[in-house]
Amino acid sequence: MDHILQFRIELLGVTPPVWRRIQVPPDYTLWDLHVAIQDSMGWEDRHLHAFRVVGSDAMYGIPDPDGLGPEEIVPDHEAPADSVFSPRSAVGTYEYDFGDGWVHIVILESYEPSESGARYPRCTDGARCCPPEDSGGPHMYAEALLARADPSHPDRSVFENSLSADFDPDAFDVQQVGFTDPKERWARLFS
């Protein structure tokens, strides 16, 4: 492997921004990229997801065999990440949990030379903790943070259980990011 793909992923609708910079092998599919995004952001992969790229009508994800999801979805495990994201189509979105609506901007920043002895994927930078699963999307998450910070907030009791007492929205340590094998996750979820 002589090069890697470097992406910046930023969660939209959350301020200050929650973002990550990850580097992945050039042979990754969008499924593999999905797993790397999940791992780097701190999501738990409990919900559906979809990629879209600016300039294309295609949507990539896992087709729903029950027909409950979008009708025209391209299987992401069949879509090479370096074909979908390229210098000509470097910007897209990654939506996770359609109910909560966590939308991430995904930018192919560059092709970088691979480093001898380095393991990919890897996270090289980022900021802030990802919101907890099932916290209601950007608006509800923002309200939960406000209620938590203000003991007199009128809806404090509504949000008391949405954020654990030890949750720190400012916490992020790039050294704590670990990646799982996308093939193992596929086998665990779909076997």
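Just one of the listed residues (Ser114, Ser86) is in contact with an Asp or Glu (Cβ under 8 Å, 6 or more places away or on another chain), surrounded by fewer than 17 Cβ atoms within 10 Å (Cβ to Cβ) and of a type in the set (S, T, N, Q), and it is Ser114.
Glu10 falls short on exactly one of the conditions (1) closer than 21 Å to Pro169 by Cβ; (2) touching a helix residue (DSSP H, G or I) at 6+ places or on another chain (Cβ under 8 Å); (3) part of a strand (DSSP E or B), and that condition is (2). Selection over the stretch 89-105 of residues that are of a type in the set (Phe, Trp, Tyr) and either surrounded by fewer than 16 Cβ atoms within 10 Å (Cβ to Cβ) or assigned to a loop (DSSP other than H, G, I, E, B) (or both) gives a count of 1.
Taken as a whole, the condition of being charged (D, E, K, R), surrounded by fewer than 17 Cβ atoms within 10 Å (Cβ to Cβ) and more than 20 Å from Gly178 (Cβ to Cβ) does not apply to Glu44. Within the stretch 26-37, residues that are touching a residue at least 12 places away in the same chain (Cβ under 8 Å) and assigned to a strand (DSSP E or B) have Cβ atoms under 8 Å from residues that are surrounded by fewer than 22 Cβ atoms within 10 Å (Cβ to Cβ) and of a type outside the set (A, V, I, L, M, F, W, C) in these pairs: Thr29/His77; Thr29/Glu78; Thr29/Pro80; Thr29/Pro182, counting only partners at least 6 apart in sequence or on another chain. For the residues Glu109, Glu115, the requirement of being more than 16 Å from Glu44 (Cβ to Cβ), assigned by TED's automatic domain parsing to the domain that holds Glu78, without any contact (Cβ under 8 Å) to a residue 24 or more places away in the chain and out of contact with any His (no Cβ under 8 Å at 6 or more places or on another chain) singles out Glu115. A single entry from Gly92, Gly55 fulfils the requirement of being more than 21 Å from Glu133 (Cβ to Cβ) and modelled with pLDDT of 95 or more: Gly92.
In the set Ser157, Ser191, which member is farther than 17 Å from Leu33 by Cα, under 24 Å from the mean Cα position of the chain (by Cα) and among the hydroxyl-bearing types (Ser, Thr, Tyr)? On inspection, the qualifying residue turns out to be Ser191. Looking only at the stretch 79-138, which residues are within 25 Å of Gln176 (Cβ to Cβ), under 16 Å from the mean Cα position of the chain (by Cα) and among the aromatic types (Phe, Trp, Tyr)? Of everything in the stretch 79-138, those that are within 25 Å of Gln176 (Cβ to Cβ), under 16 Å from the mean Cα position of the chain (by Cα) and among the aromatic types (Phe, Trp, Tyr) turn out to be Tyr94, Tyr96, Trp102.
One residue stands out in the stretch 123-151 among those that are assigned to a loop (DSSP other than H, G, I, E, B) and at pLDDT below 90: the one that is surrounded by the most Cβ atoms within 10 Å (Cβ to Cβ), namely Asp150.
Look at the stretch 133-150: where a residue is not assigned by TED's automatic domain parsing to the domain that holds Asp45 and a partner is surrounded by fewer than 17 Cβ atoms within 10 Å (Cβ to Cβ) and outside any loop (DSSP other than H, G, I, E, B), sitting 6+ places away or on another chain with Cβ atoms under 6 Å, you get Ala147/Arg156.
The values are calculated or read from the model by the stated rules, or taken from the named source; none is laboratory data. Remember, predicted model here, so these are calculated numbers, not experimental data. Using ideal geometry, Cβ is built from the backbone for each residue, glycine included, and neighbour counts are taken over all protein chains shown.
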